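One structure is given here, and the rest of the page talks about it.
Read-outs: derived from the displayed coordinates by stated rules, not from any lab. All values reported here derive from a predicted model rather than from experimental measurement. Heads up, the Cβs are rebuilt from the backbone with ideal geometry, glycines too, and the neighbour counts pull from every protein chain shown.
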Amino acid sequence: MSVHPSQRTADDVAAQFEVDPEVGLTTEQADRIREEYGPNELRQKPPVPLWRKILAQFQDPLVYLLFVAMAISIVVWVFEGATGLPIDAIVIALIVIANAIIGLVQENKAEGAVAALAQMTASSTTVLRDGEITSIESTQLVPGDILVLSEGDAVGADARLISATGLRVQEASLTGESEATDKNPEAIPAGAPLGDRHNMVHKGTGVVQGVGRAIITATGMDTEVGAIADMLDSTEADKSPLTREIEKVSKLLGVLVIAIAVIVMAVMFLLNDVNDVSEAVEILLLGVSLAVAAVPEGLPAILSLVLAIGVRAMARRNAIMKELHSVETLGASSVIASDKTGTLTRNEMTVRTIVTASGQIELTGTGYEPVGEVVGEPSAEALAEARLVVTTGALANNAQLREDDGWQIEGDPTEAAFLVALPKLHEAELAFSREAEVPFTSERKMMSVAGTGEGGRSLLLTKGAPDVLLSHCTTERIGEETVDLTGERRRDILATIERLSAEGYRTLGAGYRVLDAIPDDVDDALEDGLTFTGMVGIMDPPREEAKIAIAEAKAAGIRPIMITGDHPRTAARIGADLGIVEAGSRALTGVDLDKLGPSEFRDAVRDVSIYARVSPEHKLRIINELQDDGRIVAMTGDGVNDAPALKTADIGVAMGITGTEVTKEASQMVLADDNYATIVAAVRHGRTIFDNIRKFLRFLLSSNMGEVMTVFFGVVLAGFLGLSETAGAGLAVPLLATQILWINLVTDSGPALAMGVDPEDGDVMRRPPRDPKRPIIDRHMWSRIGFIGIVMATVSLLAIDLFLPGGLFTLEPDTLTGARTVGFTTLVFAQLFNALNSRSDYGSAFRGFFSNHWLWGSIALAVVLQIAVVHLPFMQVAFSTEAMTTSQWLTAVGLASVVLWAEEIAKLFRRALARER
């Protein structure tokens, strides 16, 4: 039995894989090893072959019923002499095949969209290849690769450590231990359990601290997580609430409709004098067809496809959803808890104000583009002093500003702010030859550079925390003069520092000292006796689009919350600037939260929207409290310490640019642009997708209800409508089985799918979030479905009645086939008008009437097909129709439009009631 890598030395493991830890594998080696071991991914269920997908389209109880109906009709056809063609059986077979093709196409499109989405969220890993550190997709890792690990990385494969410095890895997903594990490369004795293998890192875990390098020893299914996945192969994934509810509705409809179909068949047997087998078969076919047509069996495929299309559209707008059904939760979000830096702000430090002895100067412009100017007309002295402050900061500096596909910086953003501010003061850098540096330390809070300036003067230029720098200064620059710093002046400067800090600025002071000569040994001893020139107020400016997005979120009933590790004054200032809170509101710190009891903490979370200087534990407590209060929380994060909160939140949102691999794996959504406005846009899109799901559910169920009621009441009221008299010895039915199946084929899939991509309603972000406990099909929708079904049945039966000789309101006597054709066509057009109705609960169908081109395309196709079934001879034979006259077409379309007008009137009342409420 081979020895586990944890029990061997790192050199021994490297020798086994023939890899130099200082160079890594070559590309050729990696390709060769991958051919042997395969890609680094867990085993997926093998793709379903096409023949099984086709077969699956027929594995449905309702389709089985159709097969029974086909068999019965063929038996009767043979029994009656097998003359001509078995038209009913052929038509049913063609409709079953057509439905299967539609279902197969929809399923393939949904699978393609999900596969594309998975590609977008593929994780990456840093490795040493060909002697260079590079980032590759985790699926490309092979045994022998050298992993380069740092804080925030997701470990891409099982690996033996070569080196580690302060390395800690979160292994809860494998060991159940909540605390991160310390790692080091020392060998361990045999038999150590997984949690004690401190010299190994494993696929599916995350680095929370430190750095290290490791040799990959196992990939894919050979990893520890692969062994777990192997045991879980037979476990079914939990279904989303939306999927469960759709299945529940489908089952309920199935039971109801089959019951109705049985009742209809029973009534037909009672009311008709059934004398032969063919009539009994016709009743059976009608009942079966009614049951099949009334249940939207294509609903799951349409739902998946609509979700997939919506999620891909969100991805194109930089919001990448990792799971299709997370869209439902996102649309119901009532709280967006966000970090500040980079999400609400630009993460581009900008000098906004300069304070010197002669006054305060404001600068315009944000970000790293060196465009802006001085506000107003300051005095010449103040302008000269401001230039000196910024020039000093720009020279005592290690950052670089460059234009490369937009303005970019290298180095500390705070230092770069001086470089950006310099041209705004119309000041080029002074001639300065830098010769030495006293670097910044957290203890000194200053940095200095020594060199030769204009005129050959030796200078020491210093910048740092203004209060600390002030303690090293003995004089101050005022205009062109240098004066002693008095006690009163020091107090004024310290008060200004406090004022700027309270306004949310990060402050930095600048000073200089003229040296006799630059000594050989430049150290911090030179930083005494400085001349104070002034200070700058630096701010990471809020994103303008974030401010607009927050206003939109608040209008939509979504509460924005900022949770940041920044200074509470800065957090409060940014929160007020963005409109999260009113000016003057305070931020609660982690220290404040720790002092609160349970009930006080609950009250604070309900009222306070700005939190500063908080720990990961505080974030988790805040999220849990919001959820306990019934809120649906979307939480953003980028660092490893955000991962627990992201996983706990209803929607975890990871930063795609600055976010770590650990946070991306813990989240349900990834922001490709790290922008708060993208979250709000995603919520808007999530609401639109959910609305569209309700639209096509409303359309499908109400249309199918119309079919059921037309047949049911047509059979029950056959005597009043003249159906019994006209049918003579035949069956008195308003629609034939093949006609019902045709309606289902023509009007269901196309319009329903088109409604799934309907443009958003104008008020989608002007209403409160949806209550997640409220069912997708509530009582209001059920009542509307029933109302539309009654209207459809009424106009369809009236259309038949108008053209039957013995009808109540006979308009133009015709044959039973002709009258039935008009009623059949009326029901088709009624469902097409219903597609227009179903686009809104309250809004008029005429608002944005032509905005959905896909819907109009599907309606046009349905109209063409209906004209064909009425007027083409071979279709007339198949579906028992007759050519309609112009007056009959006008009557059918006119009656069908009643569905539209009735719903328009109902919507008027609903809008009036809504205004009253």
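Length, then width, then depth: along the principal axes, the Cα atoms of the stretch 350-539 run 41, 39, 33 Å. Between ARG602 and GLU617, residue separation times 0.36 nm minus the direct Cα-Cα distance comes to 3.9 nm.
Each residue, VAL23 and VAL468, gets one label point 7 Å from its Cα in the Cβ direction; the gap between the two is 4.6 nm. Computed from Cα atoms, the angle from the helix 277-294 axis to the main principal axis of the chain rounds to 20 degrees. For the peptides 505-511, 895-901, residues were scored by their other Cβ atoms within 10 Å and the scores averaged per peptide; the highest-first order is 505-511, 895-901.
Rg then Dmax, both in Å and based on the Cα atoms of the stretch 330-401: 17.4, 57. When you filter the trypsin sites (Lys or Arg not before Pro) in the stretch 750-797 for DSSP loop state and at most 13 other Cβ atoms inside 10 Å of their Cβ, you are left with ARG766, LYS773.
Beta-bridge orientation, the chain: approximately 75 percent antiparallel, per DSSP, counting only bridges with both partners inside.
Quick one: which of 365-373, 814-822 comes out on top by average Cβ neighbours within 10 Å, and what's the full order, highest first?
814-822, 365-373
In straight-distance terms, cross-link reach from LYS53 covers every one of the aspartates and glutamates whose alpha-carbon lies under 17 Å from its own, apart from those fewer than eight places away in the same chain; here that gives GLU107, GLU111, GLU297.
Peptide packing for 876-887, 692-703, 625-636, 474-485 was compared via the average number of neighbouring C-beta atoms within 10 Å per residue; ordered from the highest value, the list is 692-703, 625-636, 876-887, 474-485.
Pair-distance distribution of the stretch 758-875: all C-alpha pairs, bin width 5 Å, starting at 0; shares per bin in whole percent are 2, 9, 14, 15, 17, 15, 10, 8, 5, 3, 2, 0. Among residues other than LEU855 whose Cβ falls under 12 Å from its Cβ, what is the net charge (Lys/Arg +1, Asp/Glu -1)? With Lys, Arg at +1 and Asp, Glu at -1, the neighbours total +1. Helix 87-120 and the long axis of the chain differ in direction by around 0°, with both axes built from C-alpha atoms. With each label modelled as a point 7 angstrom along the Cα→C-beta vector, the GLU132-ARG586 pair spans 5.5 nm. For a 26 Å ceiling on Cα separation, which of these pairs sit above it: LYS445/LYS547; LYS340/LYS695; LYS248/LYS554; LYS554/LYS619? Table pairs above 26 Å Cα-Cα are LYS445/LYS547; LYS340/LYS695; LYS248/LYS554. With respect to the chain, whose longest principal axis is taken over its alpha-carbon atoms, helix 487-502 is tilted by about 10°. Taking the inverse of the mean 1/r over every pair of distinct Cα atoms in the chain gives a Kirkwood hydrodynamic radius of 33.2 Å.
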